[in-house]
Each structure stands twice: as C-alpha cells, then as structure tokens.
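First comes the structure, then the notes that go with it.
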Amino acid sequence: MSMADEPLYPIAVLIDELKNDDIQLRLNSIRRLSTIARALGEERTRRELIPFLSENNDDDDEVLLAMAEELGVFIPYVGGVEHASVLLPPLETLCTVEETCVRDKAVESLCRIGSQMRESDLVEYFIPLVKRLAAGEWFTARVSACGLFHIAYPSAPETAKTELRSIYSQLCQDDMPMVRRSAASNLGKFAATVEYAHLKADVMSIFEDLTQDDQDSVRLLAVEGCAALGKLLEPQDCVAHILPVIVNFSQDKSWRVRYMVANQLYELCEAVGPEPTRTELVPAYVRLLRDNEAEVRIAAAGKVTKFCRILNPELSIQHILPCVKELSSDSSQHVRSALASVIMGMAPVLGKEATIEQLLPIFLSLLKDEFPDVRLNIISKLDQVNQVIGIDLLSQSLLPAIVELAEDRHWRVRLAIIEYIPLLASQLGVGFFDDKLGALCMQWLQDKVHSIREAAANNLKRLAEEFGPEWAMQHIIPQVLEMSSNPHYLYRMTILRAISLLAPVMGPEITCSKLLPVVVAASKDRVPNIKFNVAKVLESIFPIVDQSVVEKTIRPCLVELSEDPDVDVRFFSNQALQAIDHVMMSS
C-alpha cells in the first residue's frame, strides 16, 4: 500500500468490519469510531464517515446502541459546534428503530448535541427534525420526538413555538398509548421551557387530557408531571389546577396510579402550600396509607417521615400516627419493613413526649417482628431516637429487646446489632456498657458464622478506641487471650484476627508483653491455616514494636515458619520477612 492510499485505509477497514457477519467485529468497529474519525480528519469524517453511518442498516440492536452512544460525543471529530448538524441524520434514523433502548440512547445523544448547537442551526436543522419525527408514520418516531421538544422550543421563533405547542398537544392525543406515555413522561421537561402565559393555557389543557387518559400507564406518568408542573406554577394556580387532579388520582381505580401518587405526594405539599395540604392532601395521604393494595401501602409507608416533616407535629399526631400504628401490624411484611426503615426519623419530628407515648410501643413491636428485615431496619436507625428521648429511656425500653436480638437466629440481624454496638457504647457510657453488653461482645467471637466473628473482632477494636487502652486491658485482653487455646481452629483464627486489630490501639508495651507471646505460641499450632495467619499477624505487628523485639522474637519465629512443610505457611512467612527487610533497609 502506497503512502497516498493510507488515509483511505481506516474507512475501508471500517466498512469491511461493519459488514462482517461476526457481531463482535461490528461492535468493536463502532466503538473505535472516534479513532477512525481522528485518522480521517474532520472534513473526511463529515464527507464520508457520517453519510456511511446514515446508510448503515445494521439490524443488530447492540451495534445500533453503541452507534447512538458514540455519535453523542462526536462534535469535536466533525469540526466543532458549527458542523454539529451533520450528526443529526444518522441519529434521526436511529430514533425510528423498534428497540426502545436504541431510541432512548439516540434521543439522549440528540439532546446532548442540540444543547451545544448554535441557535441558527437549531432553527434550520433541529426543529425540522423534531417536526419530521413527530409526523412520522411509524409510532417509534413519534415516541422519540416527545423527548426532543425541550431542546427545540427555547430557540424557536414565535410562530414555530406556537406550532411546536400544537404538535405536542396532538402527540398527547395520539392513537398509540406508547406515544401518549412518552408525551406524558416528557411533559415536565417541555413545560419548564414554555412561557408562563402559555404554560397556564396550552400546557395545562394538554396535562388535563393526559390525566383523563383511559390507559393507566399514561395516567401514572401524568402523576410525575403533577410534581414537575406544581413547581412551575404559582401556588394559587397549583391549587386550582393540580390539587384536584392529585386528589382524584389518590382514588384512581388503578393501584399503579395510586402507587405513583403515594411516592410523589410529599413533593406536592411544598408546591401547594400549608393550608391546602392540611385540608386536601392529608386526607388523601391517609387514604393511601390505608389502601387495600399492599404495594400502595408500601410506597406510602416509605414516605411517612418526609410527609410528617412538612406537617406540624399536631397534625402528624392527629392524622398520621393512627395509620402508622395500624401499619406496624400490617399483614404484609414488606409494608412493615418499609415502615421500619423510616419510622425512626419521626422521633425528631414529633418531639420527646409524643415519641415516648406513641412511637416507643411501635418501635418495640417492630423490634420483635418475626421478619428479620423489619428488626434490621429498626436497629440500624436507633441513634435518631436516642437524640430525642435520651439514653436512660432508650436503655430501659429498647435495650432488653436489643440484647434479645444479639442472639437472633438470623445472622444478618446479629451483624446489624454488632455494627451498632460501638455507637451504643459511646452513648451508654462505660459503666452501663460493661454491665449490660460486655459479655455479648465476647460471645460473638465464638459465633458459628464467619462474618459475625469478623465483625466481632472489628467491634473489639472500635470499643478499645472508644473507651481507651486501660479499659481494654482490663475488660477485653484477658478474655481474648483466654480464648486463644480454644479447641476449634476457626475460633483460634478469630483471636489472631482480633489481636492484629487490637495491637495498634493498645500500643507497643501491651503488644509486646501480652499479645505477642500468644501469637508466637500459635506459630507452633498443628493447623497450617493458623500458622500462616500467625505470619500475617506478625507482618502487621512488627511496625508497632521496637526493632530489638523484631530481631529477638518476630524474625526467629518467621524464619522457623519459612521452613514449614506447608507451601502457604512458607509463602506468607517469606512475604512477612521481605516486608521486615524492606523496612529495615529503608530506615
């Protein structure tokens, strides 16, 4: 091949690979488009590569998806923003394919390109593209068009704006539910670009049509529009136009629509203001909390704290708390779980008195729930309650339940309790902790589940940091050392792990006098797993102790292990010896 032919080479390869039967080759070729464009230069990319891609009628969705993604970042390769319009034709073709994810990616890329294009180019190329797609014979083009209006509209001249609003209105009344769905889900973005006068007149009439659609899949997307439009309208207009729609939706015959309302309702409270919230939205929310469909109750229960934050405490206690009590004994475990994940956040909202009287009994019943996820969700948020009612009350009312859960048959519940212990310890103080929870922490080191033993070792380290080395020397170290001769090797390994974590907290003196002898003794263990863990522990301990201790105790022990018959023991002991040598040389 001569030098003159060389620039032709990349496009020839690309064309060959794009026509290859092997999908992986075609995919690789598309993913290398930017490299090929760089090799061709901007002008030839515009003149040859982009037209070729426009004509490329690959039928594999994966290849088309990769192409839609690549073209979205292609502006620099065609010569910058002034030539961005050349990228529109291939993406327009991709907007009409059958596969949804390809269309969505093409729309996303068109939005990205359109947001960078010059205003004159938008008017000349982008707006006509939107009109062509919106008038497309096949529904896929019309679905894609809905996602482009918010880019086209702001730059359009006044006459074109009127036309675009009218086209959008027609799309909202399209025969195909998929088109109406797309129009409903993009309405919020489009409305945000429309002038206020037209927003009240045109967009609200479009919105009202969508809210009365006979397809529940369209209506539930209109619910999302409620929140978006509510933020754009003045409060009085919001009350006049949006509030009645939401109240109707909360009683919609389709549970999916009610589910969407339950998810969005708290956002609407901010849009309509306090008075309409009290008179209209609170009753609607109470209805949703008592809905006969579990999915709706789950969505409503999950938003109970956010909703209460918007109301004043009296309203929450009067209207929402009775529903919360009912939900805490709901027949669906998923409803109880959703409630348990947020109910702790109600304590700061309702204040101390209401929390003690009303919420504590609910917490206790959820802590004793038969479903582990419910108990888990309560445990992980206990600190929110402690801030409100204080540690004395918390310990009297909830601690017995926590101690019970520490021996729960589900290991994930035990794990959540362990992870909460250091926080609880810092709140309870050392005296109370020793009295009630100290024994538990040691008990976990001998749990049947490895994750629990691992967490228990970490827990000891965090407690030693919280209460200080003196306390740890008195309450943790003696019991840990006692367990080092446990007949089961897995428990002996846990003790080694605990020692390696405690050593940095305890400092060199205690490490040398109390911890190191136990590790060295373990190097004589008959189980190879223990011996190579000894090597790992010694590697982690040596930076803490004095150099003389390393030479007198640690190195001889590792040298002995490096001659062990077991290959893993030799590997880890040699690794530790190398680490020691490396540090010695650098110092």
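Contact map, the range 404-415: residues that are of a type outside the set (D, E, K, R) paired with residues that are assigned to a loop (DSSP other than H, G, I, E, B), Cβ distance under 6 Å, separation 6+ or inter-chain. Pairs shown: 411/449.
Among the helices (runs of 4 or more DSSP H) confined to the range 57-170, the ones with at least 3 residues that are of a type outside the set (A, V, I, L, M) and open to solvent by 60 Å² or more (accessible area, probe 1.4 Å) are located at 61-72, 100-114. The numbered conditions (1) at positive phi; (2) modelled with pLDDT under 75 are all true for residue 434 except (1). If we scan the range 534-542, do we find a residue that is modelled with pLDDT under 85 and open to solvent by 70 Å² or more (accessible area, probe 1.4 Å)? Checking the range 534-542: not a single residue is modelled with pLDDT under 85 and open to solvent by 70 Å² or more (accessible area, probe 1.4 Å). In the range 329-337, is there at least one residue being over 19 Å from residue 412 (Cα atoms), part of a helix (DSSP H, G or I) and modelled with pLDDT of 80 or more? Among the residues of the range 329-337, at least one is over 19 Å from residue 412 (Cα atoms), part of a helix (DSSP H, G or I) and modelled with pLDDT of 80 or more, which makes the answer yes. Considering 500, 523, which residue is within 23 Å of residue 548 (Cβ to Cβ), without any contact (Cβ under 8 Å) to a residue 40 or more places away in the chain and assigned by the TED database to the domain that holds residue 549? After ruling out the rest, the residue left standing is 523. Scanning the range 187-206 for residues that are within 16 Å of residue 143 (Cα to Cα) and either crowded, with 22+ Cβ neighbours inside 10 Å or of a type in the set (Gly, Ala, Ser) (or both) turns up 187, 188, 190.
Okay, residues lined up against (1) touching a helix residue (DSSP H, G or I) at 6+ places or on another chain (Cβ under 6 Å); (2) at pLDDT 80 or above; (3) outside the structural domain of residue 505 (by the TED database):
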{"residue": "454", "(1), (2), (3)": "no, yes, yes"}
{"residue": "457", "(1), (2), (3)": "yes, yes, yes"}
{"residue": "460", "(1), (2), (3)": "yes, yes, yes"}
{"residue": "472", "(1), (2), (3)": "yes, yes, yes"}
{"residue": "480", "(1), (2), (3)": "yes, yes, yes"}
{"residue": "490", "(1), (2), (3)": "no, yes, no"}
{"residue": "493", "(1), (2), (3)": "yes, yes, no"}
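Taking the range 215-322 as the region of interest, the helices (runs of 4 or more DSSP H) fully inside it that hold 3 or more residues being free of Cβ contacts under 8 Å to residues at least 12 places away in the same chain and open to solvent by 30 Å² or more (accessible area, probe 1.4 Å) are 235-249.
Is it true that residue 54 is under 20 Å from residue 176 (Cβ atoms), free of Cβ contacts under 8 Å to residues at least 40 places away in the same chain and open to solvent by 10 Å² or more (accessible area, probe 1.4 Å)? No. Scoring residue 517 on the criteria (1) surrounded by fewer than 18 Cβ atoms within 10 Å (Cβ to Cβ); (2) not assigned by the TED database to the domain that holds residue 564 leaves a single failure, condition (2).
The values are calculated or read from the model by the stated rules, or taken from the named source; none is laboratory data. All of these numbers come straight from a predicted model, not from anything done at the bench. Methodologically, a virtual Cβ is constructed for each residue, glycine included, from the backbone with ideal geometry; neighbour enumeration extends over all protein chains shown. Areas reflect the complete protein model, heavy atoms only, side chains present, ligands, DNA and RNA absent. Shrake-Rupley method; radii C 1.70, N 1.55, O 1.52, S 1.80 Å.
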